[in-house]
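Take a look at the structure set out below.
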Amino acid sequence: MRKLALTDEILMRVEKPARYVGGELNAVIKNKDRIDIRFAMCFPDVYEIGMSYLGIQILYDLFNRREDTWCERVYSPWPDLDAIMREKKIPLFALESQDPLKDFDFLGFTLQYEMGYTNILQVLDLAGIPLLAKDRAENDPLVIGGGPCSYNPEPLADFFDLFYMGEGEVSYGELLDRYKANKAAGGSRMDFLKAAAGVPGIYVPALYEAVYNEDGTLAATRPLVPEAPGKIRRVIVNDLDDTVYPDKLIVPYVRSFQDRVTLEVMRGCIRGCRFCQAGMVYRPLRERSADWLKAQAEKMLRASGYDEITLSSLSTSDYTGLPELTDHLIEECGRQHINISLPSLRIDAFSLDVMSKVQDVRKSSVTFAPEAGTQRMRDVINKGLTEEDIFRGASEAFHGGWNKVKLYFMLGLPTETDEDAKGIPDLCERLSELYFAEIPKEERNGRVQITASSSFFVPKPFTPFQWASMLPREEYLRRAYLVKDTMRAQKNNKSLHYEYHDAEVTLLEGILARGDRKVAKAILRAYELGCMFDAWSERCRYDLWMQAFAESGVDPDFYTLRERSADEVFPWDHIDIGVTKAFLRREWERAMAARVTPNCREACSGCGAASYGCGICRLPRVKTPAGDEKSPAPGTEGGNA
Amino acid sequence: MNVRIRFGKEGMMRFIGHLDVLRTFQKIFRRAGVPMVYSKGYSPHPVMSFALPLGLGLSSEGEYLDAAVEDGTDPEAMLAALQAATAKELPVYALRVLPEKAENAMAAVGGAVWKATLPANMPLEGAETALKAILAREAIILPKKTKTREIELDIRPMIHSAGIEDGAVVMTLAAGSRANLSPDMVLDLIAKELGTEPESLSWQIRRMDLLDHELRPLGACGEEA
Ligand code: SF4
Ligand code: SF4
C-alpha cells in the first residue's frame, strides 16, 4: 500500500481529503529507483480546478512515456490544509509518490491566469524551496513555468529558474536530455541553466538583465552571457495528428470542473479579436483531422470510463471537421449512453440543430459573445460577430424552443463611450422584443430570459491592445452602474438580467499582466501579507495588495493608467511568439480607426506566424485580402527578428 | 439482470465518500466494457446501489454493490474484467448473479462484522475483561438524540457477538435501516469500563463484512462467479 504523506487524523480534519491522496484511475506509479528524472507538475490552484485542465494531462502523459522520467502532480493545498501544514511543518508532496517536492529534479508550474501568482509562492514555500531563484541551492528542484502567462514572464522572473515558451511536445525531450547529461558530467546548476538556454523555447531569466530608463520604462532586456539568445522564440507543433495525446486520462474521484473526456480539436484561432491574447499567442490555427479525433475519442472514453465527452479549442465553430465529428459522436455516444457537452458554439442553424440533439432545449440556453454593445465598438475590437448574426441566431433559437439567452460583454474597452456601454441594455431589450414579436403567445414556454454579464477589459501582452491604458476603479464601476441603470429602465426589464465582474481584481490582473521585473517585489510582499487564492474573488484581498504595492515601491498607476507610446520597449519584447510587434501595432492603428481585419480563413494579414510554415498559413485563401491596406504576403515578416 | 459485487476500500480509498465511489464504479463498469442497464426518464443513469455507506476514513473488505447489467451470462468473465478495470485500492473480490426475486442490497442489510485493532496503549487482558463485563449486562441503556428530542435506547440487543481475536475487537453489530449500531459506541464502552477517555484512544476500524437479517453474509446470495 502507498504510504500517505498526511496522517488519517489530518485527512479527517480537512475538507475533501481526496484532494491530497492521489491514487486515481490511470495515475502513473513508477519505481523511483529506476528513474533518473523526477518531475512534479503543478497547477497552482485547488485540485478540482487543476484536474480540469487538459494541458497538464498532455504533459504528464508525454513525460511518463519516457522510461527515465516520472512525472507526478501537485496542486495548491486549500487554506484549511495550508494552515495545518505550516503549523506542523509538513513539507508539500506530490500526489503519486507522496514524496516531498524538495526531492524532485523539476517543479513545473502551468501559468494560466495572473491571479494565481501568489499560489506559486505558496507551493514553493510549503515545499521548503526558496522563493527566489537566486537563493536556491544546487540540489533544490529547478522551477520551470509554462502556459499563456509565461509569455510575459518578467513579473515572475525572480521566482523561476526557467520558462518554457510554447507547446510542450517540442522541446521538453531535449531539455530533459541536457539535464541528464549535465548531471552525468557532474555539472553545476548554472552549467545546466546555460545549456538549457540553448534549447529552443527555453528562457532562463537569470541570464538576462533588465535596464530601465529614467522614467521607469524599460530600456532593454539584455543577455548577460553568450549562451543566452537575444530572443526566445515560442516553439510549436506543426502537425497535430503527429503528436502524442493521452489515451488514459487520470480520472479524479471527486467531481472536478471538467468531469469528462476533453478532446482538443485544434490549436490557435483564426479570428484575431484585438483584446484576445489566446488568439495571438497560439497562432497559427492548426486542426486535427476528424479521423484522428474519432479514434482518440474512442480510446479515451474506454480507458477513462467517463460518460461525457466535450470538444475543446478556442473557437470550435471554426473547426472545419465539426459536422463530421459531431455526427459521428452523436451516433456512437448515443448508443453507449455517453453525453456530449458542447462548448459554446456560434449560434446558427447548424449549431442549434446539434444542440437540440444533445441537450434539453427547455433547460439549456444559447450563448453569444458579442463582447461589445455597439457595432462601432465591435469593429474596434475586431469581433466578427455582427448584429445581424446575433438577431438571426436568436430568432432561430427562439423558433427552436429556446428562451434563455446569455450574452457576454466587456466594459472599459479602448475608445469606449457611454453610448457603447448603453448599447448593451439596448441590444438585450431588442432581443427580448424579437422574442415577443416572433413567438406567438401560445407557443411561448415561460418568459424569455436574457442575461448579460460583463467583465472589465484587461490589456494583455502580445495583443493589439497592449498599448492601451486601463481606467481608474471608480470609472469602471460608473460604467457598470450605467449599464445596470439603463437595463432597469428598459420596457422588458423583467426579462433582463445583468451581472458584472469585480473591478479590483481587474486592476490587479492588469498590473501583473503587463508588469516588469520590478513587480516581483510586490507579488512577494502580497504573499507575505497573506494573499493566496486571489483568483477566488471572495478571497482576493485588494487592500493587502495595495499595501504590498506601497511597501515595495511599485506604483500601480504606472502599469494601469498609462497609454504606452508606439516605441516603448515592453518587458516581453525579447520573447518572440511568432506574431510581430509591427503587425500588432498595425492592428492597434486599425482599431483606433474602427476598421476590421479579415480572419485568417478569409485572408492572410501577414501577422508573422506564417514563419512557422504550418497550419492555416499554408492553406489557399477563400478571399483576397479585404480592406484598403495592402497586406503583406504570408511569411514575409518572419517573426520579430 | 442484477449482479452483486463484493469489494474493499483500502489506503487512500478510505477518504473517498460513497457518492464518489458510486460514480467511480460506473466508470469501472464502462472501462470493463460491461453494459449497464439505465433508468428511464430524461437523464438516464445506470441502475446501481450500495448496501450501506461506509464512514470516511474506515477501511473495508466487505462492501457490496448491486448493479443491473444487460448480460449476466458469463459472470466469471465479468468479474475478471471488473478486476482489471478497478484501482488497486478499490479491490473487487467477488461477483454473483442475483436470483430474480432477491432483495436489493440496501434492504437486505441487517448486520455488520467489524474489526477494531486495539490501540497501542491498551492492554489485551484489560480489553478482554472490559468486553466480558459489557456483554454480561442485560441491558445497556444509552441516550440517543433524535431530530426532536433525546430518548433512551438499549443497545445490548444490537450487539450480536463480540470477542478479542489477534489483538483486535471483532464484533457483529446490527446494521441497516431497522437498527444500526456504530462500532464506536462499543469501543467507547470499553474505554469507559477501563476508566480511559475515549478520545485518547485511536482504534483502527475495518468493516469485515455485511450480513443479512439472518446474519448470513450478503455475498452468499445468488450463484458465485
Ligand atoms: S474568437 Fe476571438 S476571442 Fe475567441 S479565441 Fe479567437 S480571437 Fe480570441
Ligand atoms: S500569417 Fe496570415 S494566415 Fe498565418 S496566422 Fe498570420 S494572419 Fe493568419
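Overview of values
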item: Some residue of the range A:438-447 being open to solvent by less than 60 Å² (accessible area, probe 1.4 Å), more than 16 Å from ligand 1 (Cβ to nearest atom), more than 18 Å from residue A:483 (Cβ to Cβ) and small (Gly, Ala, Ser); result: yes
item: Single match in B:122, B:106 (criterion: of a type in the set (A, V, I, L, M, F, W, C), more than 20 Å from residue B:1 (Cα to Cα) and surrounded by 13 or more Cβ atoms within 10 Å (Cβ to Cβ)); result: B:122
item: Subset tally (residues that are aliphatic (A, V, I, L, M) and within 24 Å of residue A:473 (Cβ to Cβ)) for the range A:550-590; result: 3
item: Search result, residues across the range B:186-213 that are modelled with pLDDT under 90 and in a helix (DSSP H, G or I); result: B:198, B:199, B:200
item: Scan of the range B:1-33 for residues that are open to solvent by 20 Å² or more (accessible area, probe 1.4 Å) and either farther than 17 Å from residue B:95 by Cβ or more than 8 Å from every other protein chain (Cβ to nearest Cβ) (or both), ordered by number; result: B:1, B:2, B:6, B:10, B:14, B:17, B:18, B:19, B:20, B:22, B:23
item: Single residue of A:351, A:364 found to be within 22 Å of residue A:452 (Cβ to Cβ), open to solvent by less than 50 Å² (accessible area, probe 1.4 Å) and within 14 Å of chain B (Cβ to nearest Cβ); result: A:364
item: Lone qualifier among A:419, A:429 - being within 24 Å of residue A:459 (Cβ to Cβ), away from chain B (no Cβ under 14 Å), surrounded by fewer than 22 Cβ atoms within 10 Å (Cβ to Cβ) and at pLDDT 95 or above; result: A:419
item: Candidates A:298, A:264, A:287, A:308 - the one that is within 16 Å of ligand 1 (Cβ to nearest atom) and surrounded by fewer than 19 Cβ atoms within 10 Å (Cβ to Cβ); result: A:264
item: Near pairs, Cβ below 6 angstrom, 6+ apart or cross-chain, from the range A:324-341 (of a type in the set (Val, Ile, Thr)) to any residue that is in a strand (DSSP E or B); result: A:340/A:309
item: Condition check for residue A:282: aromatic (Phe, Trp, Tyr), within 25 Å of the chain's Cα centre (by Cα) and more than 16 Å from ligand 1 (Cβ to nearest atom); result: no
item: Answer residue from the range B:34-52, given it is more than 11 Å from every other protein chain (Cβ to nearest Cβ) and surrounded by fewer than 14 Cβ atoms within 10 Å (Cβ to Cβ) and is modelled with the lowest pLDDT among those; result: B:41
item: Residues that are within 11 Å of another protein chain (Cβ to nearest Cβ) and within 20 Å of residue A:109 (Cβ to Cβ), drawn from the range A:6-47; result: A:19, A:20, A:22, A:27
item: Residues of the range A:268-307 classified as within 14 Å of chain B (Cβ to nearest Cβ), part of a helix (DSSP H, G or I) and not hydroxyl-bearing (Ser, Thr, Tyr), total; result: 7
item: Exclusive hit being open to solvent by less than 10 Å² (accessible area, probe 1.4 Å) and in a loop (DSSP other than H, G, I, E, B), set A:129, A:144; result: A:129
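Here's the yes/no breakdown for (1) within 16 Å of ligand 1 (Cβ to nearest atom); (2) within 14 Å of another protein chain (Cβ to nearest Cβ); (3) in contact (Cβ under 8 Å) with a residue 40 or more places away in the chain:
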site	(1), (2), (3)
A:203	no, no, yes
A:217	no, no, yes
A:241	no, no, yes
A:248	no, yes, yes
A:258	no, no, yes
A:312	yes, no, yes
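Each row is one residue, and each column tells you yes or no for (1) modelled with pLDDT of 95 or more; (2) closer than 29 Å to residue A:336 by Cα; (3) open to solvent by 10 Å² or more (accessible area, probe 1.4 Å); (4) within 16 Å of ligand 2 (Cβ to nearest atom).
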position: A:225; (1), (2), (3), (4): yes, no, yes, no
position: A:234; (1), (2), (3), (4): yes, no, no, yes
position: A:258; (1), (2), (3), (4): no, yes, yes, no
position: A:291; (1), (2), (3), (4): yes, yes, yes, no
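The values are calculated or read from the model by the stated rules, or taken from the named source; none is laboratory data. Everything quoted here is computed from the prediction, not taken from an experiment. Ideal geometry is used to build each Cβ from the backbone, glycine not excepted, and the neighbour counts take in all protein chains shown. The area values use the complete protein model at the heavy-atom level, side chains included, leaving out ligands, DNA and RNA. Shrake-Rupley method; radii C 1.70, N 1.55, O 1.52, S 1.80 Å.
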